[in-house]
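Written out below as structure tokens is the structure these notes cover.
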Amino acid sequence: MGIIRASKLGFDYIKYHDDSEDPEKINAIKGVDFDVEKGQFIAVLGHNGSGKSTLAKHINALLVPTRGTMYVDGVNTSEEEELWKVRQKAGMVFQNPDNQIIGTVVEEDVGFGPENLGVETEDIWHRVDDALAKVGMLGFRDRSPNRLSGGQKQRVAIASVVAMHPECIVLDEPTAMLDPNGRREVLECVRELNQKEGITVILITHYMEEVVFADNVIVMDRGQIVMRGTPRAIFSRVDELKHYGLAVPQVTELACELKQSGVDLPDGILTIDELVEALC
Amino acid sequence: MLIELKDVSYTYGKDTVYEVNALNHINLGIDEGEFIGIIGHTGSGKSTLIQHLNGLIKPTSGQILFDGSDIWEDGYNLRELRTHVGLVFQYPENQLFETDVITDVMFGPKNKGLSKDQCEERAKEALKQVGIPENFYKVSPFDLSGGQKRRVAMAGVLAMDPQVLILDEPTAGLDPAGRDEILGQIKYLHDKRGITIILVSHSMEDVAVYAKRLLVINDGRIAFDGSPKQVFTHYRELEQMGLAAPQVTYIMHRLHEKGLTVDLTATTVEEARRSILLALSMKKSGGTEEGGGSPWVK
Ligand SMILES: Nc1ncnc2c1ncn2[C@@H]1O[C@H](COP(=O)(O)OP(=O)(O)OP(=O)(O)O)[C@@H](O)[C@H]1O
Ligand SMILES: Nc1ncnc2c1ncn2[C@@H]1O[C@H](COP(=O)(O)OP(=O)(O)OP(=O)(O)O)[C@@H](O)[C@H]1O
Ligand SMILES: [Mg+2]
Ligand SMILES: [Mg+2]
């Protein structure tokens, strides 16, 4: 049984209008089945408004299903008394590096989560050290978060989640506001947590390059999952991706164009190494 | 010259313990009709710089001229300046405040003193340009997805029909189709309507394709100012500044190391394609350019 298991999950946002009796329903998720094995790295792609964030918020019970079910590590997220258990198992990191950090000092920020869980003071410090080390920010523990770069702020946000000892981290466009260096830092950090610590990762992104190292990719369209597969399989289906408003990494695009111009190249080239290898 | 910055410096929290020197002695001239890209590491001062251009931030020292007039002189009409110089903020949620999408987009033209019908017409046109369909007009801006909010914020500025359009990371959070659509729209406004564009971006690929002139900001100073091609030849120095070159530039360098004589200054997929095809055909025909009558090269 997978660590995250959504079955026939449907979700409606409900809006009440002054001028009418019946509330309006916005059907954002339409019968999604989604099963993630422990330790996997899953990337989620999809056009604006396709339902990625809505689905992600179900994983740590910020939202609960209108229809169907969501289980996280065997816990049904719809059961209110299990809320904190779910929040501890699955942490979230968002897009804006500036409004996720609440502490005035880095270590304080990372300690908030465990403190809220009722962890003993001594153990909190232990967890803070450990989490900061895992994201490569131990040297910044006494710093004020305002003085950090965007990539560093996001790594602190990730450390705050890691300090809760989660099974799973959901990252909703964590690199959208970062420079190339920050983007690389955050991705390396996330990959390492996945590979070394075995933490399950769900990464939502609009950058196709970031998906290349995922175990599996899912593509959403208007509230449904419309494609699933390995990055290589997904990025070989260029026309379908375009149809869903998506694209392929720049290397893959170049390889495709060269191929169309008659150069003999294999399908689904994903990295610079692969292209160089195939051409020289 | 349309906009001129003379020795502009800016310090946040001046004379407090939180003092941050965000800009240091910036000198910069912007001509009418330019398409300028601005790149720089997070916290380098890009957002601070562009907020000076429409008078949202007053320089700690130095001068800002628009059309030759000092915008901080007594009696200067900053409100009017802001209708000429439109700014789309980095975080669109900071820009949306009305009860529904269409009212939000009508706000700018209303401030310009246009009639209700004219405002509505402008707003609809702008929403169409950013790909927001009619069924969203009555939705609250706060109930939109991240990318939808960004599109609406941009429509709000477009509806004012500005002379200069400044966009702070307009494609962050947009899906690839939306990214192409918005950048295409910006290019159209520049090419066909002559609007001056200033585009802040963390996407090296995007500025390489669209900008004619590229500014690199590093720790509050201008580190490079030139065409994207010129600037990206300094990619090793850019990496030191937390930046990079477009992915194709790295591909070209790798191919070159392997002995394929490709153009190292290629920064777009199209340039790379042509150059690689040419190099492959030369290699096949034994290295002379004349012998390269390959069917591949269009
Ligand atoms: N609070 C809300 N109230 C009502 N509708 C909402 C709300 N949040 C999102 N929606 C709608 O639900 C749908 C899915 O939104 P969601 O935020 O999940 O999309 P997304 O895939 O994350 O998009 P993006 O790539 O732009 O972040 C959209 O049509 C959106 O307009
Ligand atoms: N309101 C503020 N108060 C104090 N310091 C600030 C404020 N806004 C920005 N700063 C600081 O000023 C410097 C420049 O920030 P700015 O936002 O201009 O950078 P940027 O290049 O736009 O970064 P990013 O790529 O992350 O958007 C940074 O050190 C930042 O921390
Ligand atoms: Mg989202
Ligand atoms: Mg900024």
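The values are calculated or read from the model by the stated rules, or taken from the named source; none is laboratory data. On a predicted model such as this, the values are computed, not experimentally measured, just so you know. When we count neighbours, we look across all protein chains shown, and the Cβ atoms used for this are built from the backbone with ideal geometry, even at glycine. The accessibility values were calculated without ligands, DNA or RNA, using every heavy atom of the protein model including side chains. Shrake-Rupley method; radii C 1.70, N 1.55, O 1.52, S 1.80 Å.
Here is the figure for the stretch B:207-224: residues that are open to solvent by less than 40 Å² (accessible area, probe 1.4 Å) and over 30 Å from B:VAL20 (Cα atoms) total 1.
Examine the stretch A:15-22 for a residue that is modelled with pLDDT of 95 or more and among the polar types (S, T, N, Q), and state whether such a residue exists. Even if it seems obvious, please write down each step before you answer.
Within the stretch A:15-22, the subset modelled with pLDDT of 95 or more is none.
Within the stretch A:15-22 (the criterion being modelled with pLDDT of 95 or more and among the polar types (S, T, N, Q)), the answer is no, since none of the residues qualifies.
One residue stands out in the stretch A:64-92 among those that are within 24 Å of B:ASP143 (Cβ to Cβ) and open to solvent by less than 30 Å² (accessible area, probe 1.4 Å): the one that is nearest to ligand 4 (Cβ to nearest atom), namely A:MET92. All of (1) under 28 Å from B:ASP225 (Cβ atoms); (2) open to solvent by 10 Å² or more (accessible area, probe 1.4 Å) hold for B:ALA177 with one exception: (1). From the set of residues in the stretch B:41-57 that are more than 12 Å from the chain's Cα centre (by Cα) and either among the polar types (S, T, N, Q) or at the interface with chain A (Cβ under 10 Å from one of its Cβ atoms) (or both), which is surrounded by the fewest Cβ atoms within 10 Å (Cβ to Cβ)? Checking each candidate, the answer is B:GLN51.
Here is a yes/no grid of residues against (1) away from ligand 3 (no atom under 16 Å from the Cβ); (2) in contact with a helix residue (DSSP H, G or I) (Cβ under 8 Å, 6 or more places away or on another chain); (3) hydroxyl-bearing (Ser, Thr, Tyr):
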site	(1), (2), (3)
B:PRO141	no, yes, no
B:GLN148	no, yes, no
B:PRO170	yes, yes, no
B:GLY184	yes, no, no
B:LYS192	yes, no, no
B:VAL200	yes, yes, no
B:ASN218	yes, no, no
B:SER227	yes, no, yes
B:ARG236	yes, no, no
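Taking residues in the stretch A:24-43 that are without any contact (Cβ under 8 Å) to a residue 60 or more places away in the chain and basic (Lys, Arg), and partners anywhere that are crowded, with 16+ Cβ neighbours inside 10 Å and part of a strand (DSSP E or B), the pairs with Cβ atoms closer than 8 Å and at least 6 places apart or on different chains are A:LYS25/A:ASP12. Selection of first residues in the stretch B:135-156 that are within 26 Å of A:ASP18 (Cα to Cα) and more than 8 Å from chain A (Cβ to nearest Cβ) and of second residues that are within 16 Å of ligand 2 (Cβ to nearest atom) and part of a helix (DSSP H, G or I), restricted to Cβ pairs under 7 Å at least 6 apart or on distinct chains, gives the following pairs, ordered by first then second residue: B:LYS149/B:PRO92; B:LYS149/B:GLU93; B:ALA153/B:PRO92.
When you check A:ALA131 against the structure, is it away from ligand 4 (no atom under 16 Å from the Cβ), in a helix (DSSP H, G or I), out of contact with any Cys (no Cβ under 8 Å at 6 or more places or on another chain) and within 14 Å of another protein chain (Cβ to nearest Cβ), yes or no? Walk me through how you get there before you give the answer.
Working: away from ligand 4 (no atom under 16 Å from the Cβ): yes; in a helix (DSSP H, G or I): yes; out of contact with any Cys (no Cβ under 8 Å at 6 or more places or on another chain): yes; within 14 Å of another protein chain (Cβ to nearest Cβ): no.
Against the criterion (away from ligand 4 (no atom under 16 Å from the Cβ), in a helix (DSSP H, G or I), out of contact with any Cys (no Cβ under 8 Å at 6 or more places or on another chain) and within 14 Å of another protein chain (Cβ to nearest Cβ)), A:ALA131 does not qualify.
Would you kindly identify the strands (runs of 3 or more DSSP E) lying entirely within the stretch A:1-98 that contain at least 1 residues that are of a type in the set (S, T, N, Q)? Even if it seems obvious, please write down each step before you answer.
On the way: elements: A:4-15, A:24-36, A:41-46, A:67-72, A:90-93.
Because the criterion is at least 1 residues that are of a type in the set (S, T, N, Q), the strands (runs of 3 or more DSSP E) in the stretch A:1-98 that meet it are A:4-15, A:24-36, A:67-72.
Among the residues making up the stretch A:163-188, those that are more than 9 Å from every other protein chain (Cβ to nearest Cβ) and open to solvent by 10 Å² or more (accessible area, probe 1.4 Å) are A:MET164, A:HIS165, A:PRO166, A:GLU167, A:GLU185, A:LEU187, A:GLU188. If I filter the stretch A:229-270 down to residues being open to solvent by less than 50 Å² (accessible area, probe 1.4 Å) and touching a Gly at 6+ places or on another chain (Cβ under 8 Å), which single residue comes out as farthest from the other protein chains (Cβ to nearest Cβ)? Here the answer is A:ALA233.
Restricted to the stretch B:79-120, and to residues there that are open to solvent by 30 Å² or more (accessible area, probe 1.4 Å), within 23 Å of B:GLU169 (Cβ to Cβ) and part of a helix (DSSP H, G or I), the residue that is modelled with the lowest pLDDT is B:GLU93.
Among the residues of the stretch B:157-172, those identified as within 14 Å of another protein chain (Cβ to nearest Cβ) and in a loop (DSSP other than H, G, I, E, B) are B:GLU169, B:PRO170, B:THR171, B:ALA172.
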